[in-house]
Each structure stands twice: as structure tokens, then as C-alpha cells.
Amino acid sequence: MRVLAVTGGHSFDREAFAEFLDSLPADITWREHPDADISAAELAEFDASLHYDMPGTLPEPTDPPESIREAIRSAPDTGHGYVVLHHALASWARWDEWAEFVGGRYLYQPGVVRGVTCPDSGYRHAVPETISVVDAAHPVVSQVPAEFGLTDETYLCEVFEDDVEPLLRTDAEMTDAVHWSTSLAMAGRRDNREGWRHREGSPLAGWTKTNGRSRLVYLQPGDKAPTLRDANYRALVSGALEWVSRRR
């Protein structure tokens, strides 16, 4: 199994991530933006892409290059697989196609999602949570227990529950009473929620999605080294890579 791992656009623990990649049962090539602007033709050399990146967001939103647009648009036909981790959901802040492809949208500012006006998304660091398996028969979760604990960052954001197949749930509180406003953080008021309101969020901490022949897994945890070093998390990502690599 050949995998392209992609980083860039967000700070992360490089040593812990490198150890994490070494633990996975795959032949992995690691690229970082802007050198990760790989075409659909180049992607044909790999069975799957592992995204731990967050491009096109800070300091100002930018559009993806045509090579990345082409890769995503052709995936339903090529069957290239995707595993998207944690902050990679928040990539390409103003490119709707990425959100539709992955199954959720993280908003840095209030905006319109699928025709509905939504507030900016929220974040909360170092949350102790119990992750529960929703679909125990799914191959992605075959090597993890029915419940396991993590301490990770949670997101209060838009999840397209009607378009995804639930895989994992969290027991963490998903309300604006405990999360912080991303818009206020970008304005220099980090860890603040003054005047910010957000409806209760989805408890989904992982899901699968199919786009034509292309399989995708999104796993919401993955913020820092303790999660990247967690045996259950590594088993999840390993199972996800194996599953998405099998073209439909």
C-alpha cells in the first residue's frame, strides 16, 4: 500500500508525526505544501492520501491550485482513497468542494453553508473524551475496542450528517458554552466566546464517505503527540488507510 502523507498550513509536532507515520503499515511518501500540489496523474502512483494539512486558510483564505482541484474532482472516477485527520477538515476556507468532498465545514468567519447562514466554528483544546464505535462491523474499527479514551481538541462546526456514514462518536460536550469562537481568535481574542452563539454541534468524531469510486475516512481527533502516539488511534488510521485503498 503506497500512501502520500500531506502536511503544511498548520503547526504540528513533527517528531511525533514522523513516529506516527513510521507506525503505519504502508509505504509512505511525505510532502508539505506548497510541494504537495500534486496532480491527479501523479496521485495515480499512490493508493491513498493521508491529509494532516490545513492549506488555504491563514493568514488570508486562498484558492487551491488547479492541480488540487483536478485531483478532487477526478477522485470519483479514479477511486483514489482519502484519510483526512483533524484540522485537515478546515482546509481551503473558501473552497466549497473540499467541504462537500470530506463531509463537513469549518468556518473561520460567519458564512453561508448549503444555503444556511451559520456562525463561525468553535474549538476547545485538551478535552478528555470517550470515543465510542458506532458501526462495529466496519473494517476501519476492527482493531479498536468499543470505547476508548483520548484527550484531544474538539470542534463545534458544520457536519453534513445526511451525507456521511457514522463511524465514531464522542461524549464531549458540543455546545457554545465550552468552545471558543474562531472569529474572535483570529481577531486577536484567543479563547474567547463573548457574544458568540452556536447551535449544539454533532457528536460525530469519525465517519466514512464515498464519492463515486473514491472512499474517504475522516477522524476528528489528532491534535497533539499523545493522540498520535495512542495505540487505538494508530489502529484506527491503519484501518482507515487499508479500507480507502480498496477502490470501489
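The values are calculated or read from the model by the stated rules, or taken from the named source; none is laboratory data. Predicted model only: the values in this text are computed from it and were never measured. FYI the Cβ positions are ideal-geometry reconstructions off the backbone, even for glycines, and counts take in every protein chain you see. Side chains included, ligands, DNA and RNA excluded: accessible areas come from the protein's heavy atoms. Shrake-Rupley method; radii C 1.70, N 1.55, O 1.52, S 1.80 Å.
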> Using the Cα gyration tensor of the range 189-237, with a ≥ b ≥ c the square roots of its eigenvalues, what is the shape: rounded (a/c below 1.5), prolate (a/b larger than b/c) or oblate (neither)?
Replying inline: oblate
> Which value, in nm² and rounded to one decimal, describes the direction-averaged projected area of the C-alpha convex hull of the chain?
Replying inline: 12.1 nm²
> Based on the alpha-carbon gyration tensor of the range 151-244 and its eigenvalue square roots a ≥ b ≥ c, which shape applies: rounded if a/c is under 1.5, prolate if not and a/b is larger than b/c, or oblate?
Replying inline: prolate
> Per residue, what accessible area does the range 20-178 have, given a 1.4 Å probe and all protein chains present, in Å²?
Replying inline: 42 Å²
> If the chain between T151 and H125 were fully stretched, how many nm would it gain, using 0.36 nm times the residue separation less the Cα-Cα distance?
Replying inline: 8.5 nm
> Label-point separation (nm) for R114 and L58, each offset 7 Å from Cα along Cα-to-Cβ?
Replying inline: 2.8 nm
> Kirkwood Rh, Cα Rg: Rg to Rh for the range 119-177?
Replying inline: 1.00
> Based on DSSP H runs of at least 4 residues, each adding -39500 (n - 2.57), what is the mean residue ellipticity at 222 nm of the chain after dividing by all its residues, to the nearest 500 deg cm²/dmol?
Replying inline: -6000 deg cm²/dmol
> If R0 is 30 Å, what FRET efficiency do you get for S23 and S67 from their C-beta distance, rounded to 0.05?
Replying inline: 0.55
> Please state the relative contact order of the range 66-117 as a whole percent: Cα pairs under 8 Å, 6+ residues apart?
Replying inline: 26 percent
>> Report the Cα centroid-to-centroid distance between the range 194-248 and the range 53-117 in angstrom, as an integer.
In response: 15 Å
> Of the peptides 29-41, 228-240, how do they stack up when ordered by the mean number of other Cβ atoms within 10 Å, highest first?
Replying inline: 228-240, 29-41
> How large, in percent, is the carbon and sulfur part of the accessible surface of the range 50-205 at a probe radius of 1.4 Å?
Replying inline: 49 percent
> Which whole-number percentage describes the relative contact order of the chain, with Cα contacts under 8 Å and a sequence gap of 6 or more?
Replying inline: 23 percent
> Taking the Cβ-Cβ separation of R229 and S142 as r and a Förster radius of 30 Å, what is the calculated FRET efficiency to the nearest 0.05?
Replying inline: 0.90
> When the chain is modelled as a GNM with alpha-carbon springs shorter than 10 Å, which of D53, D13, D152 fluctuates the most?
Replying inline: D13
> Stretch N192-S39 to full length: gain in nm at 0.36 nm per residue minus the Cα-Cα span?
Replying inline: 51.1 nm
> If contacts are Cα pairs under 8 angstrom and at least 6 residues apart, what is the relative contact order of the range 1-109 in percent?
Replying inline: 29 percent
